[in-house]
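Step one of this worksheet: look at the structure below.
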Amino acid sequence: MSLQYDEILKRIVGDVVLSDNVGLALRSWREKLNVKQVELAKHLGISPAVLSDYESGRRSSPGTTFVKKYVKSLVDIDQKGNKILGKLDVPLSETAILAIGEYKQSIGAKQIVQALDAEVLSGEELLNQQIHGYTVLDSIKTILTMSGLDFIKIFGFNSERVLVFTKVGLGRSPIVAVRVSQVKPRMVVLHGPKQVDPLAVEISKKDNIILCITRLQSENQVIANLQRF
């Protein structure tokens, strides 16, 4: 899949997940891409009746995993036939994202802590959890320039990842941004602060997020250490 299609796919997932009516948003994108319900149901391996129930809201709102599978199927079908996606104007802000990647094999959260020379502020009991990817963000640009739809794409296709926010003051703004997002990362690392707002720590505890401060000096070192796995 090309970078263009990959980015559009993430944008669509974000649009659906953050919508007030997930089923309606799914159906809207299917119709926009001119994909028949029967064709999509076959691609998903479910009956058209079940798909119709999801889109109409007769079934409980599908989870993020189903949404991603649904949207990926739409993209796959479009690539093979209609090619409508390539004609859509879906602007994306890249300025806040300094680095993003997925691990071929999951990495223990404790290994991330060690690699980043990090101090754990909350979630120490969760360090046995597995991390599947990383995203390094300029915290100021993230807060000032990224919309809700842009924010969702920092998760790639897996929320079991570490988000590293650079240029952090006291850590409240990044954690609040994570708090209001419907998708939560497994781990958040703050780069820059000498101390962290207690509210940020409390929020991370409530959301079962591992929160850390990294002692590494530069953003480049943070990125390099995350990419070495």
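Here is a list: Ala118, Ala109. Which entry is crowded, with 18+ Cβ neighbours inside 10 Å, among the hydrophobic types (A, V, I, L, M, F, W, C), touching a Cys at 6+ places or on another chain (Cβ under 6 Å) and modelled with pLDDT of 90 or more?
Residue meeting the stated conditions: Ala118.
Taking the range 54-68, which residues are surrounded by fewer than 16 Cβ atoms within 10 Å (Cβ to Cβ), in a helix (DSSP H, G or I) and more than 22 Å from the chain's Cα centre (by Cα)?
Selection gives Ser56 alone.
Kindly indicate which of Leu51, Leu9, Leu40, Leu26 is in contact (Cβ under 8 Å) with a residue 60 or more places away in the chain, assigned to a helix (DSSP H, G or I) and either crowded, with 16+ Cβ neighbours inside 10 Å or not hydroxyl-bearing (Ser, Thr, Tyr) (or both).
After applying the criteria, what remains is Leu9.
Conditions tested, residue by residue: (1) touching a Leu at 6+ places or on another chain (Cβ under 6 Å); (2) in a loop (DSSP other than H, G, I, E, B).
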{"residue": "Gln182", "(1), (2)": "no, yes"}
{"residue": "Val188", "(1), (2)": "yes, no"}
{"residue": "Gln195", "(1), (2)": "no, yes"}
{"residue": "Glu202", "(1), (2)": "no, no"}
{"residue": "Ile213", "(1), (2)": "yes, no"}
{"residue": "Val222", "(1), (2)": "yes, no"}
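Okay, residues lined up against (1) basic (Lys, Arg); (2) within 17 Å of Glu124 (Cα to Cα); (3) crowded, with 17+ Cβ neighbours inside 10 Å:
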| position | (1), (2), (3) |
| --- | --- |
| Met187 | no, yes, yes |
| Ala200 | no, yes, yes |
| Lys205 | yes, yes, no |
| Asn208 | no, yes, no |
| Glu219 | no, no, yes |
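The values are calculated or read from the model by the stated rules, or taken from the named source; none is laboratory data. Since we're looking at a predicted model, the values are computed, not measured. Using ideal geometry, Cβ is built from the backbone for each residue, glycine included, and neighbour counts are taken over all protein chains shown.
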